[in-house]
Amino acid sequence: MSEIAQLEESIEIAAAPERVWSLVTDLRRMASWSPQVVTTLVRGTPVTTGTRALNVNRRGALLWPTTSTVVRFEPHRDFAFRVVENAAVWSFALDPTPTGTRVTQRRETPQGLTAFSRLFTRGLLGGRDVFTDELRTGMQETLRRIKADAEA
């Protein structure tokens, strides 16, 4: 494994952390926010540390599955899941503000990416730089959509 990287995007949401938490931990709704996720099937309820999920992702005509496990679950503060196929950890950190909640979405690769992920990205997703730009744009869109739902 190599290519240790972190992507991070934040947004201010005019809603209490409890409201935002109820959204970001509802993995089944991820497809309504993320431009890459088609569907997420969650194994077991309620979602908590150790919960597993099957995700179907899309980029144009290309579809691919991933599996993930919830690795952090600190109510109203920190939620994270690790994707098995690439070892990336996706998280949502919630910080109360005077007007609501600051949400920070991160994609971290503390152990680097798997060889499979590097090959897949290079061969099918246009390379690391192209895919990283798409991920960052997707994170911004995801956060905007979560904000819209939380403030509705």
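All of Ala88, Ala115 fail the test of being of a type outside the set (Ser, Thr, Tyr), at pLDDT below 95 and buried (at least 19 other Cβ atoms within 10 Å of the Cβ), apart from Ala88.
Does the range 42-74 hold any residues that are in contact with a helix residue (DSSP H, G or I) (Cβ under 9 Å, 6 or more places away or on another chain), surrounded by 13 or more Cβ atoms within 10 Å (Cβ to Cβ) and not polar (S, T, N, Q), and which are they? Of everything in the range 42-74, those that are in contact with a helix residue (DSSP H, G or I) (Cβ under 9 Å, 6 or more places away or on another chain), surrounded by 13 or more Cβ atoms within 10 Å (Cβ to Cβ) and not polar (S, T, N, Q) turn out to be Val42, Val47, Ala53, Val56, Arg59, Trp64, Val70. When you check Thr109 against the structure, is it surrounded by fewer than 19 Cβ atoms within 10 Å (Cβ to Cβ), out of contact with any Phe, Trp or Tyr (no Cβ under 9 Å at 6 or more places or on another chain) and in contact (Cβ under 8 Å) with a residue 24 or more places away in the chain, yes or no? Against the criterion (surrounded by fewer than 19 Cβ atoms within 10 Å (Cβ to Cβ), out of contact with any Phe, Trp or Tyr (no Cβ under 9 Å at 6 or more places or on another chain) and in contact (Cβ under 8 Å) with a residue 24 or more places away in the chain), Thr109 does not qualify.
For beta carbons closer than 7 Å, sequence separation of 6+ or different chains, a first residue in the range 18-40 that is free of Cβ contacts under 8 Å to residues at least 60 places away in the same chain and at negative phi and a second that is among the basic types (Lys, Arg) and assigned to a strand (DSSP E or B), the qualifying pairs are Val38/Arg58. With the structure loaded, tell me whether Ala15 is part of a loop (DSSP other than H, G, I, E, B) and among the small types (Gly, Ala, Ser) or whether it fails that test. When the stated conditions are applied, Ala15 passes them. A count restricted to the range 8-28 and to residues that are surrounded by fewer than 17 Cβ atoms within 10 Å (Cβ to Cβ) and within 13 Å of the chain's Cα centre (by Cα) stands at 4.
Filter the range 53-74 down to residues that are farther than 17 Å from Val42 by Cα, part of a strand (DSSP E or B) and without any contact (Cβ under 8 Å) to a residue 60 or more places away in the chain, then give me how many there are. Number of matching residues: 3. For Arg77, the conditions (1) modelled with pLDDT of 95 or more; (2) surrounded by 15 or more Cβ atoms within 10 Å (Cβ to Cβ) are fulfilled apart from (2).
The values are calculated or read from the model by the stated rules, or taken from the named source; none is laboratory data. Please read all numbers here as calculations on a predicted model, not as lab measurements. No Cβ is skipped: glycine too gets one built from the backbone with ideal geometry, and neighbour counts run over all protein chains shown.
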